[in-house]
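The values are calculated or read from the model by the stated rules, or taken from the named source; none is laboratory data. Quick caveat: nothing in here was measured; it's all calculated off a predicted structure. As a convention, Cβ positions derive from the backbone with ideal geometry for all residues, glycine included, and neighbour counts pool all protein chains shown. Note: accessible area is taken over every heavy atom of the protein model, side chains too, but ligands, DNA and RNA are not part of it. Shrake-Rupley method; radii C 1.70, N 1.55, O 1.52, S 1.80 Å.
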Amino acid sequence: GSSLSIITMLARAASPVARLAFLMIDDVLDVERASSETGKDGLKALRDGKMTRPLILAFEDQRFRPRLQELLSEIKGSRARGLAPALQLAAILKENGFTARVRAMALEKARGLKENFASLPDRAAALDLKAFVCALASRSK
């Protein structure tokens, strides 16, 4: 097949990994960045009491579980989806490296496609595709 069809096939194969990396970074940005930086409603997932990847990692650490449960209970019990407990959750996630770990996991997933990219016959296109997937996994907005 042509190099274009091979690249298309690889892009399709990379799509689930790229999507996962994108969603992982989305979870991180919800915690790390202000609404004015991302164009999204900041802390929305936390204010909605959703279990994001950084929050799941934090729950796995026994030291933080009781406090996290308490803050999520406050959020779920509040009609206004309390900003104060969401801010406290965000602080725990950032200050204890949970968002950084998720960011590293997303980049690792994207880099895991390295061998697939290396096998493409069109080197320039392969590098472009790899750069795109890595950019998704390391975006800051």
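Things worth noting here:
- FRET efficiency, 1/(1 + (r/R0)^6) with R0 25 Å, evaluated for Ala131 and Lys94 via beta carbons: 0.35
- Global geometry of the range 101-141, whether rounded, prolate or oblate, following the gyration tensor of its Cα atoms and the 1.5 cut on a/c: oblate
- Length added when fully stretched, Lys141-Arg63, from 0.36 nm per residue minus Cα-Cα: 25.0 nm
- Calculated FRET value between Met51 and Ser119, using beta carbons and R₀ = 41 Å, to 0.05: 0.65
- In order through the range 53-59: 3J(HN,Hα) via Karplus (6.51 cos²θ - 1.76 cosθ + 1.60), integer Hz, x for Gly, Pro: 4, x, 5, 4, 4, 5, 5
- Under a model in which nothing but the beta-carbon of Lys, Arg (+1) and Asp, Glu (-1) is charged, the range 69-141 shows a dipole of about 140 debye around its Cα centre.
- Accessible surface ranking for Arg53, Arg103, 1.4 angstrom probe, highest first: Arg53, Arg103.
- Taking label points 7 Å from Cα along the Cα-to-Cβ direction, Glu108 and Leu23 give a separation of 1.9 nm.
- Positive dipole terminus of the range 49-103, leading residue within Leu89, Thr52, Ser73 (C-beta point charges): Thr52
- Note on exposure: Met24, Met105, Met51 ranked by accessible area (1.4 Å probe, complete protein assembly) read Met51, Met105, Met24, with the most exposed listed first.
- With a 1.4 Å probe rolled over the protein heavy atoms of all chains, the accessible area of Phe22, Phe64 falls in the order Phe22, Phe64, largest first.
- Backbone phi angles across the range 120-127, fed through the Karplus curve with coefficients 6.51, -1.76 and 1.60 (θ = phi - 60°), yield HN-Hα couplings of 6, x, 8, 4, 4, 5, 4, 5 Hz in residue order; Gly and Pro are listed as x.
- Lys pairs under 27 Å by Cα in the range 26-141, provided they are eight or more residues apart or on distinct chains: 22
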